[in-house]
Amino acid sequence: MAPIHRLRKINLLDQPAEALIYSSNVHLQCSGGVGAALVDRYGPAVQTGLHELLTSSGRRSCEQGEIFEWLPPEMPYKTVLHTVPTDFWHNTTIPVVEDVLRRALKRCVELGHTHLAFSALATGYGDLLLRDFLILADRVFADPALASLATATLCLPDGADFAVARKIVASEGLHWQID
């Protein structure tokens, strides 16, 4: 059975979950969106730790498509996946984002997680449309390899984005549960 993938109007960091998946950038810089919210809530150790991930590998930046598994201190999750679905200029494609989301979700399955919270990857600073993300994610959740997931919650804190997403789900006949 496919996992329940639901859409909620809630701040990602307020959604209870075992694992958190969000978009970062090629410098793992927490300058906006979820990254900035993580630093605001959990302190500068979040940014310091992400930068140490890069410097310890001898790099200043990472490649589009990479996923970093790192759990900053003080966070209530078992896993945080910092994904890089965009390039240096914040550009991406549907296949890249679909691949990143699929790999992140499969990693959560490997770790035994059943309840996830995630953001709409590459739609903030990235150039992917919310419509495209909802459609590609709907496809990803049909993957039988994800059957052990119970719920995966796409968190949209902005009321306008949530309203648009509801309309897209209805008009495209997608399988999202809307809470």
Looking for whichever is surrounded by fewer than 16 Cβ atoms within 10 Å (Cβ to Cβ) and in contact (Cβ under 8 Å) with a residue 24 or more places away in the chain here; the options are Ala2, Ala17. Which one fits?
Ala2
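Counting only residues that are without any contact (Cβ under 8 Å) to a residue 60 or more places away in the chain and of a type in the set (A, V, I, L, M, F, W, C), which one in the stretch 85-119 is surrounded by the fewest Cβ atoms within 10 Å (Cβ to Cβ)?
Step one: filter the stretch 85-119 for residues without any contact (Cβ under 8 Å) to a residue 60 or more places away in the chain, giving 89, 91-100, 102-103, 106-107, 109-110, 112.
This time we only want the ones that are of a type in the set (A, V, I, L, M, F, W, C), so: 89, 94, 96-97, 100, 109.
On the way: Trp89: 9, Ile94: 15, Val96: 20, Val97: 26, Val100: 25, Val109: 18.
Among those residues, the one meeting the criterion is Trp89.
When you go through Leu111, Leu116, Leu130, Leu81 one by one, which is the residue that is more than 22 Å from Gln29 (Cβ to Cβ) and either at pLDDT below 95 or under 11 Å from the mean Cα position of the chain (by Cα) (or both)? Even if it seems obvious, please write down each step before you answer.
Numbers: Leu111 fails: either at pLDDT below 95 or under 11 Å from the mean Cα position of the chain (by Cα) (or both); Leu130 fails: either at pLDDT below 95 or under 11 Å from the mean Cα position of the chain (by Cα) (or both); Leu81 fails: more than 22 Å from Gln29 (Cβ to Cβ).
The conditions single out Leu116.
With the requirement that a residue be polar (S, T, N, Q), in a loop (DSSP other than H, G, I, E, B) and surrounded by fewer than 16 Cβ atoms within 10 Å (Cβ to Cβ), what does the stretch 41-77 give you? Before you say what the answer is, go through the steps one by one.
Initial filter on the stretch 41-77 (polar (S, T, N, Q)): 47-48, 55-57, 61, 64.
This time we only want the ones that are in a loop (DSSP other than H, G, I, E, B), so: 57, 61, 64.
The answer is Ser57, Ser61.
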Tally, over the stretch 1-25, of residues that are over 8 Å from Cys155 (Cα atoms) and in a loop (DSSP other than H, G, I, E, B)
8
Out of (1) in contact with a strand residue (DSSP E or B) (Cβ under 8 Å, 6 or more places away or on another chain); (2) outside any strand (DSSP E or B); (3) surrounded by fewer than 22 Cβ atoms within 10 Å (Cβ to Cβ); (4) of a type outside the set (Lys, Arg), the odd one out for Val80 is which?
(2)
Exactly one of Thr114, Thr92 is touching an Asp or Glu at 6+ places or on another chain (Cβ under 9 Å), among the polar types (S, T, N, Q) and more than 19 Å from Asp14 (Cα to Cα), and that residue is Thr92
Exactly one of (1) farther than 28 Å from Gly173 by Cα; (2) touching a helix residue (DSSP H, G or I) at 6+ places or on another chain (Cβ under 6 Å) is unmet by Thr55. Its number?
(2)
So, in the stretch 60-77, exactly how many residues are within 21 Å of Trp89 (Cβ to Cβ) and out of contact with any helix residue (DSSP H, G or I) (no Cβ under 9 Å at 6 or more places or on another chain)?
1
Could you list, in sequence order, the residues of the stretch 144-174 that are assigned to a loop (DSSP other than H, G, I, E, B) and surrounded by 15 or more Cβ atoms within 10 Å (Cβ to Cβ)?
Leu149, Leu156, Pro157, Leu174
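The values are calculated or read from the model by the stated rules, or taken from the named source; none is laboratory data. The shown structure was predicted, so the numbers you read here are calculated from the model rather than taken from an experiment. So basically every Cβ, Gly included, is an ideal-geometry build from the backbone, and we count neighbours across all protein chains shown.
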